[in-house]
Amino acid sequence: SIKAIESSSKEDDTMWLTYWVVYGVFSVAEFFSDIFLYWFPFYYVGKCLFLVWCMAPVSWNGSQVLYQNVIRPCFLRHHQTVDNVLGNLSTKA
């Protein structure tokens with residue numbers, strides 16, 4: 001990520017920042033569902049393959065697919081509400 005930030009090209013910045021957003025959402029979802037998921041055979045192999053797919057240096061990698069089709073639409077639908085709540089909290093603090 002540091003190499004992406006320090007490079008002159010901004011395309012790789014977007015790729016890695018997208019990966020970290022997807023990884024963060026995945027980590028939160030896994031935190032709440034891990035008690036059930038670790039019972040599945042080959043769960044950790046599947047998790048590793050999923051993360052490799054998210055990092056793959058191809059245009060159809062998992063980070064781009066999941067961000068464009070799942071995370072971005074959800075964010076665009078709810079970002080105003082989140083901004084309002086955070087604004088209210090910072091005012092009260």
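The values are calculated or read from the model by the stated rules, or taken from the named source; none is laboratory data. Quick caveat: nothing in here was measured; it's all calculated off a predicted structure. Don't worry about glycine lacking a Cβ; one is built from the backbone with ideal geometry, like all the others, and counts go over all protein chains shown. Keep in mind that these areas ignore ligands, DNA and RNA; they rest on the heavy atoms of the full protein, side chains included. Shrake-Rupley method; radii C 1.70, N 1.55, O 1.52, S 1.80 Å.
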| field | Two-site FRET efficiency, Asp13 against Thr81, from Cβ-Cβ distance with R₀ of 30 Å, rounded to 0.05 | value | 0.60
| Net charge of neighbours whose Cβ lies under 14 Å from the Cβ of Gly46, counting Lys and Arg as +1 and Asp and Glu as -1 | -1
| query | Which helices, counted as full DSSP H runs in the chain, have an axial Cα extent of no less than 27 Å and a Kyte-Doolittle average of -0.5 or above? | reply | 11-37
| field | Ser9 - accessible surface, heavy atoms, 1.4 Å probe, Å² rounded to 10 | value | 60
| note | So the carbon and sulfur contribution to the accessible area of segment 8-90, 1.4 Å probe, in percent, is 72
| request: Work out Dmax and Rg for segment 8-90 from the C-alpha atoms and quote the Rg first, both in angstrom. | output: 15.5, 45
| query | Taking only protein heavy atoms and a 1.4 Å probe, what accessible area per residue, in Å², does the chain have with all protein chains in place? | reply | 80
| task | Could you tell me the distance between the Cα centroids of segment 53-93 and segment 25-52, to the nearest Å? | result | 20
